[in-house]
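Once you've had a glance at the structure underneath, I'll fire off some questions.
The values are calculated or read from the model by the stated rules, or taken from the named source; none is laboratory data. Quantities reported herein were computed from a predicted structural model and do not represent experimental measurements. FYI the Cβ positions are ideal-geometry reconstructions off the backbone, even for glycines, and counts take in every protein chain you see.
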């Protein structure tokens with residue numbers, strides 16, 4: 001083994017279990033099934049085990065009927081499928097733990113009734129007061145944790161982690177602000193940690209000695225809710241009692257949930273300051289988290305002594321074989337996680353985890369790239385458009401041995417991502433198209449930039465297949481607000497009305513002192529525009545037809561993080577559920593969607609963030625008379641990066657998989 005990663009790749013003893021290396025995938029929801037582990041779980045984890053990870057902590061399992069997560073461990077029926085997973089993973093050497101989960105007061109019980117929690121204080125999103133747990137109910141949960149851990153051991157797993165952080169049940173008990181009990185479970189820190197201590201003791205008594213036990217613990221971003229000092233003291237106490245073999249340190253809760261999975265505005269190791277405080281004096285192995293994306297990131301933190309294990313969940317969602325590729329000296333081939341949170345976090349709210357940059361996540365058995373083999377009938381494939389959809393189509397077609405040519409009208413590859421990467425706190429989005437560009441050149445795609453193609457020029461190339469990834473753009477003509485297509489907006493002759501592209505292409509433009517940003521879409525583009533304007537010192541009013549700010553990414557945490565920055569940067573205001581009536585020189589007339597009384601908002605500049613238009617009409621005649629033609633990405637319909645990459649990927653896979661719909665799984 002090279003000394004380059006001697007810390008990251010060295011074995012580690014975690015209680016009775018020896019890990020092959022220090023690289024860990026901590027628990028994260030997938031929603032691949034409801035109830036028990038299925039084949040999608042098995043293949044997902046198996047691919048990452050083959051990629052070189054040392055330990056995977058499986059997603060949280062519900063241990064009691066009062067708190068329902070996607071996977072259940074409330075009876076023995078879960079054991080056979082867990083055993084199948086262990087059997088599949090065992091030959092790889094990766095170890096398997098499982099997280100034991102109870103949400104406490106964060107949400108209603110599965111039957112719609114009130115949840116169980118430390119007191120009757122409602123959780124931020126529960127919308128109902130919980131039941132304050134009685135001593136008998138606490139004892140019932142203690143037994144449930146022990147029984148669930150025993151089932152894990154029976155299934156052959158190597159350990160368990162109790163979720164005791166991130167705002168869930170035990171965080172609610174540990175918090176001096178939330179825990180106002182006057183019995184043996186409230187008041188002093190000794191009392192507030194009593195429930196957790198009882199659970200860990202019961203688990204120890206319920207599992208064999210070769211079974212590792214740990215806990216995920218962490219502070220809130222507000223010390224009054226749960227301070228680092230209290231978490232540190234609790235860990236030291238539990239370690240002294242012999243109840244912990246490791247601790248997984250993770251900051252944030254449902255009051256400050258952005259910190260749990262920060263976006264691309266945060267750098268690798270962003271949680272290290274808090275982890276250092278919590279880990280002071282701790283002797284058991286510490287697992288640390290915080291956007292670690294490369295082995296270099298991991299090695300640096302381990303070398304500094306910040307922890308003994310590194311969490312690399314999102315990085316290995318994006319590329320299951322990150323570890324193997326880097327150890328083989330091929331770091332440039334690692335597909336980067338861009339921390340957009342669109343698929344891994346946002347996908348959970350639409351039914352299933354995915355990945356914006358890796359469309360095979362969760363479908364490894366059907367679409368894993370290890371299944372791509374040289375085509376029996378290589379074709380001449382012409383891709384028109386070098387954005388993320390076009391480059392993904394070209395990359396995958398080339399992997400299958402097709403002869404691929406790509407034509408891009410602009411002087412650079414990347415498409416709309418090039419503009420998006422210019423906006424503040426969004427530069428990392430360009431990492432994925434840079435990777436795609438490296439890959440298509442490595443795979444021998446014949447790339448032509450500054451090459452606008454007419455239909456007859458494409459036909460002259462003699463293609464068997466044409467993939468149109470020509471994107472979409474804002475049109476100059478009058479715009480339509482989708483909440484009121486009947487409304488014709490009056491634009492005064494002297495009004496300064498621009499599009500997002502203009503901010504990038506004409507950076508020296510005089511914008512004045514105030515701006516209105518009309519967001520008809522609800523994705524990140526308007527966030528980038530607002531931040532650009534605020535950083536230039538303008539007062540900004542965000543106007544949208546939507547009831548909330550940037551709803552398409554609200555579940556990713558990036559919208560909330562942006563709002564924090566905006567209110568710190570300057571004068572920022574939101575007018576939700578609103579329409580623009582008129583754009584004047586120096587002001588904009590705005591009214592509620594369902595209202596009648598307009599408001600005049602100062603605006604030296606108005607930026608229109610509306611849906612882009614495709615070029616499909618220009619190509620329709622070609623699709624009728626030309627070769628086999630596919631539209632992908634924004635050329636099909638303007639949507640998001642995840643959809644563009646998925647459609648490009650699936651379109652190329654369909655060339656050798658008859659019957660595969662290029663829009664399959666089109667979330």
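Right, residue 192: at pLDDT 95 or above, under 16 Å from residue 132 (Cα atoms) and out of contact with any helix residue (DSSP H, G or I) (no Cβ under 9 Å at 6 or more places or on another chain) or not?
Working: at pLDDT 95 or above: yes; under 16 Å from residue 132 (Cα atoms): yes; out of contact with any helix residue (DSSP H, G or I) (no Cβ under 9 Å at 6 or more places or on another chain): no.
It is false that residue 192 is at pLDDT 95 or above, under 16 Å from residue 132 (Cα atoms) and out of contact with any helix residue (DSSP H, G or I) (no Cβ under 9 Å at 6 or more places or on another chain).
Table: residues versus (1) under 16 Å from residue 338 (Cα atoms); (2) buried (at least 21 other Cβ atoms within 10 Å of the Cβ).
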position: 380; (1), (2): no, no
position: 401; (1), (2): no, no
position: 412; (1), (2): no, no
position: 429; (1), (2): yes, yes
position: 436; (1), (2): yes, yes
position: 440; (1), (2): no, yes
position: 454; (1), (2): no, no
position: 465; (1), (2): no, yes
position: 470; (1), (2): no, yes
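Could you please let me know if residue 258 is at pLDDT below 95 and within 21 Å of residue 339 (Cα to Cα)?
Yes.
Report whether or not residue 307 is assigned to a strand (DSSP E or B), within 28 Å of residue 204 (Cβ to Cβ) and either in contact (Cβ under 8 Å) with a residue 12 or more places away in the chain or not assigned by TED's automatic domain parsing to the domain that holds residue 168 (or both).
no
Can you find a residue that is farther than 25 Å from residue 255 by Cα, assigned by TED's automatic domain parsing to the domain that holds residue 13 and over 27 Å from the mean Cα position of the chain (by Cα) anywhere in the stretch 122-135? Quick ask: steps written out before the conclusion?
Applying the first criterion (farther than 25 Å from residue 255 by Cα) to the stretch 122-135 yields 134-135.
Then drop every residue that is not assigned by TED's automatic domain parsing to the domain that holds residue 13, which leaves 134-135.
From what is left, the residues that are over 27 Å from the mean Cα position of the chain (by Cα) are 134-135.
Scanning the stretch 122-135 turns up at least one residue that is farther than 25 Å from residue 255 by Cα, assigned by TED's automatic domain parsing to the domain that holds residue 13 and over 27 Å from the mean Cα position of the chain (by Cα).
Report, by residue number, each residue of the stretch 173-226 that is part of a loop (DSSP other than H, G, I, E, B) and either in contact (Cβ under 8 Å) with a residue 60 or more places away in the chain or under 16 Å from residue 144 (Cα atoms) (or both).
178, 179, 180, 181, 185, 186, 207, 209, 210, 211, 218
Looking at 623, 600, which is the one that is assigned by TED's automatic domain parsing to the domain that holds residue 552 and either in contact with a strand residue (DSSP E or B) (Cβ under 7 Å, 6 or more places away or on another chain) or crowded, with 16+ Cβ neighbours inside 10 Å (or both)?
The match here is 600.
A follow-up question, please. Looking for something modelled with pLDDT of 95 or more, within 25 Å of residue 420 (Cα to Cα), assigned to a strand (DSSP E or B) and touching a strand residue (DSSP E or B) at 6+ places or on another chain (Cβ under 9 Å) - is there at least one such residue anywhere in the stretch 311-322?
Taking every residue of the stretch 311-322 in turn, none turns out to be modelled with pLDDT of 95 or more, within 25 Å of residue 420 (Cα to Cα), assigned to a strand (DSSP E or B) and touching a strand residue (DSSP E or B) at 6+ places or on another chain (Cβ under 9 Å).
Among (1) in contact with a helix residue (DSSP H, G or I) (Cβ under 9 Å, 6 or more places away or on another chain); (2) part of a loop (DSSP other than H, G, I, E, B); (3) farther than 14 Å from residue 644 by Cα, which single condition is residue 409 missing?
Every condition holds for residue 409 apart from (1).
Every residue in the stretch 258-282 that is touching a residue at least 40 places away in the same chain (Cβ under 8 Å), in contact with a helix residue (DSSP H, G or I) (Cβ under 8 Å, 6 or more places away or on another chain), within 17 Å of residue 26 (Cα to Cα) and not in a loop (DSSP other than H, G, I, E, B), please.
261
Residue check, residue 371 against (1) surrounded by fewer than 24 Cβ atoms within 10 Å (Cβ to Cβ); (2) farther than 30 Å from residue 450 by Cα; (3) touching a residue at least 24 places away in the same chain (Cβ under 8 Å), all met but one. Which one?
In the conditions (1) surrounded by fewer than 24 Cβ atoms within 10 Å (Cβ to Cβ); (2) farther than 30 Å from residue 450 by Cα; (3) touching a residue at least 24 places away in the same chain (Cβ under 8 Å), residue 371 misses (3) alone.
Please go through (1) part of a loop (DSSP other than H, G, I, E, B); (2) crowded, with 24+ Cβ neighbours inside 10 Å for residue 658 and return the number of the only condition it doesn't satisfy.
(2)
Let me ask something else about it. So, residue 147, is that one farther than 18 Å from residue 26 by Cα and modelled with pLDDT of 95 or more or not?
Yes; evaluated as a whole, the condition is true for this residue.
Sticking with this one: Take residue 148 and decide whether it is touching a strand residue (DSSP E or B) at 6+ places or on another chain (Cβ under 9 Å) and either free of Cβ contacts under 8 Å to residues at least 40 places away in the same chain or assigned by TED's automatic domain parsing to the domain that holds residue 74 (or both).
In short, yes.
Of all residues in the stretch 84-123, which are within 23 Å of residue 46 (Cβ to Cβ) and part of a helix (DSSP H, G or I)?
84, 85, 86, 87, 88, 89, 90, 91, 92
Can you confirm whether the stretch 357-365 contains a residue that is in a helix (DSSP H, G or I), crowded, with 18+ Cβ neighbours inside 10 Å and at pLDDT 95 or above? Break it down stepwise before answering.
First pass over the stretch 357-365, keeping only residues in a helix (DSSP H, G or I): 364-365.
Retained after the next criterion (residues that are crowded, with 18+ Cβ neighbours inside 10 Å): 364.
Checking the rest, the ones that are also at pLDDT 95 or above come to 364.
Checking the stretch 357-365: at least one residue is in a helix (DSSP H, G or I), crowded, with 18+ Cβ neighbours inside 10 Å and at pLDDT 95 or above.
Right, next: Would you call residue 607 at pLDDT 95 or above, in a strand (DSSP E or B), in the same structural domain as residue 501 (by TED's automatic domain parsing) and over 32 Å from the mean Cα position of the chain (by Cα)?
Considered against the rule, which asks whether it is at pLDDT 95 or above, in a strand (DSSP E or B), in the same structural domain as residue 501 (by TED's automatic domain parsing) and over 32 Å from the mean Cα position of the chain (by Cα), residue 607 comes out as no.
So is residue 168 farther than 30 Å from residue 89 by Cα and within 30 Å of the chain's Cα centre (by Cα) or not? Working first, answer last.
On the way: farther than 30 Å from residue 89 by Cα: no; within 30 Å of the chain's Cα centre (by Cα): yes.
So residue 168 does not fit the description; no.
Take residue 299 and tell me if it is modelled with pLDDT of 95 or more, in a helix (DSSP H, G or I), in contact with a strand residue (DSSP E or B) (Cβ under 9 Å, 6 or more places away or on another chain) and surrounded by fewer than 18 Cβ atoms within 10 Å (Cβ to Cβ).
No, not satisfied.
I've got another one for you. Could we say that residue 639 is surrounded by fewer than 24 Cβ atoms within 10 Å (Cβ to Cβ), in the same structural domain as residue 578 (by TED's automatic domain parsing), within 26 Å of residue 519 (Cα to Cα) and modelled with pLDDT under 95 here?
No.
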